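Below you'll find the structure, written out as structure tokens, and then a few comments.
The values are calculated or read from the model by the stated rules, or taken from the named source; none is laboratory data. Everything numeric in this text was worked out from a predicted model, so none of it was measured. Cβ placement follows ideal geometry from the backbone for every residue including glycine, while neighbour counts extend to all protein chains displayed.
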């Protein structure tokens, strides 16, 4: 059997509820002849009679009674499908680097401030994947650090720097700096900073390359990246290894690891998060997200902070 026409299904439901083709025609703003033709076409597709004509109008046959609840389901499914892509009704789809990192936390803050906005959060690999997804319409926005050296965003993609996140040092209890309240970038020279999750060519690797070059730091990426928990286990048990984490990175570790988050200052390295979107994206929640992020934006001219020149 070929697929049924949803307009014919809508007409069938209207006629079943009205009891007369004339009333169904008035409700649908079509002629009574159009209603009769649509119902006849639907009956031909289904191979059954749906109505019996009476002196007062029409009455559902046994087959019509069986088909009616399914016809209503079809119309409800159509309504949900249309609503899923209607501007203002579709979820705002936003890409973040990781669900434990600051952009995800910022989105959580936005969701609490705007509970009426439905969010769909995804994680793409790098800025190139994010830009491709923005241009294809797969996502509505992305949180990334831009622009990397030698790379320009396409003209149809816009980016606004919205949040500068201080970078902290994470160390175990046996590390020589474990008792410090703050450290300067210069004081970290000579210490081993281990970040196996850095992937060459990504925007976050470019940031830490620039940080290491600016302050003479040693950042090691050797060794397998098995995720956050193995990294924390290694750092907790080492007297020489440390790692960098964002101030708003969500980390939980067992109490017996006694890890320490140490503030870095004079100057404070900050990671420059930008909100990136397609200039022609019509989703109304994008403006609300931009306004929300803008209200907490840091002063990029602060002499006490450091970012790469390309930021």
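Given the options 91, 83, name the one that is closer than 30 Å to residue 105 by Cα, at pLDDT below 90 and in contact with a strand residue (DSSP E or B) (Cβ under 6 Å, 6 or more places away or on another chain).
91
Being assigned to a loop (DSSP other than H, G, I, E, B), surrounded by 15 or more Cβ atoms within 10 Å (Cβ to Cβ) and in contact (Cβ under 8 Å) with a residue 24 or more places away in the chain is the filter here; which residues of segment 191-222 pass it?
The answer is 191, 195, 196, 197, 202, 217, 221.
When you go through 213, 174, 186, 141 one by one, which is the residue that is assigned by TED's automatic domain parsing to the domain that holds residue 260 and under 24 Å from residue 92 (Cβ atoms)?
Testing whether each residue is assigned by TED's automatic domain parsing to the domain that holds residue 260 and under 24 Å from residue 92 (Cβ atoms) leaves just 141.
Please enumerate the residues belonging to segment 115-139 that are touching a helix residue (DSSP H, G or I) at 6+ places or on another chain (Cβ under 6 Å), touching a residue at least 60 places away in the same chain (Cβ under 8 Å) and in a loop (DSSP other than H, G, I, E, B).
Of everything in segment 115-139, just one residue is touching a helix residue (DSSP H, G or I) at 6+ places or on another chain (Cβ under 6 Å), touching a residue at least 60 places away in the same chain (Cβ under 8 Å) and in a loop (DSSP other than H, G, I, E, B), namely 117.
Can you tell me which of (1) closer than 22 Å to residue 165 by Cα; (2) in contact with a helix residue (DSSP H, G or I) (Cβ under 9 Å, 6 or more places away or on another chain); (3) surrounded by 19 or more Cβ atoms within 10 Å (Cβ to Cβ) is the one residue 92 doesn't meet?
Only one criterion is unmet by residue 92, namely (1).
I'm told residue 131 meets every condition in (1) modelled with pLDDT of 90 or more; (2) surrounded by fewer than 21 Cβ atoms within 10 Å (Cβ to Cβ); (3) more than 23 Å from residue 249 (Cβ to Cβ); (4) assigned by TED's automatic domain parsing to the domain that holds residue 289 except one. Can you identify the failing condition by its number?
In the conditions (1) modelled with pLDDT of 90 or more; (2) surrounded by fewer than 21 Cβ atoms within 10 Å (Cβ to Cβ); (3) more than 23 Å from residue 249 (Cβ to Cβ); (4) assigned by TED's automatic domain parsing to the domain that holds residue 289, residue 131 misses (2) alone.
Since residue 225 meets every condition but one in (1) outside any helix (DSSP H, G or I); (2) modelled with pLDDT of 90 or more, which condition does it not meet?
Just one mismatch for residue 225, condition (2).
So is residue 262 farther than 20 Å from residue 142 by Cα, part of a strand (DSSP E or B) and modelled with pLDDT of 90 or more or not?
So residue 262 passes the test.
Test residue 167 against the criterion of being in contact with a strand residue (DSSP E or B) (Cβ under 6 Å, 6 or more places away or on another chain) and over 24 Å from residue 242 (Cβ atoms), and give yes or no.
In short, no.
Mind listing whichever residues of segment 57-87 are more than 13 Å from residue 16 (Cα to Cα) and not in a helix (DSSP H, G or I)?
Once the filter is applied, which keeps residues that are more than 13 Å from residue 16 (Cα to Cα) and not in a helix (DSSP H, G or I), segment 57-87 yields 86, 87.
Going by the structure shown, is residue 241 at pLDDT 95 or above, in the same structural domain as residue 171 (by TED's automatic domain parsing) and farther than 24 Å from residue 163 by Cβ?
It is true that residue 241 is at pLDDT 95 or above, in the same structural domain as residue 171 (by TED's automatic domain parsing) and farther than 24 Å from residue 163 by Cβ.
Per-residue answers, yes or no, for (1) modelled with pLDDT under 90; (2) surrounded by 17 or more Cβ atoms within 10 Å (Cβ to Cβ):
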{"site": "113", "(1), (2)": "no, no"}
{"site": "118", "(1), (2)": "yes, no"}
{"site": "125", "(1), (2)": "yes, no"}
{"site": "135", "(1), (2)": "no, no"}
{"site": "146", "(1), (2)": "yes, yes"}
{"site": "164", "(1), (2)": "no, yes"}
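Would segment 8-27 turn up any residue that is surrounded by fewer than 14 Cβ atoms within 10 Å (Cβ to Cβ) and outside any helix (DSSP H, G or I)?
no
Give the residues of segment 170-190 that are surrounded by fewer than 18 Cβ atoms within 10 Å (Cβ to Cβ) and part of a loop (DSSP other than H, G, I, E, B), sorted by residue number.
Passing the criteria: 173, 174, 176, 177, 178, 179, 180, 181, 184, 189, 190.
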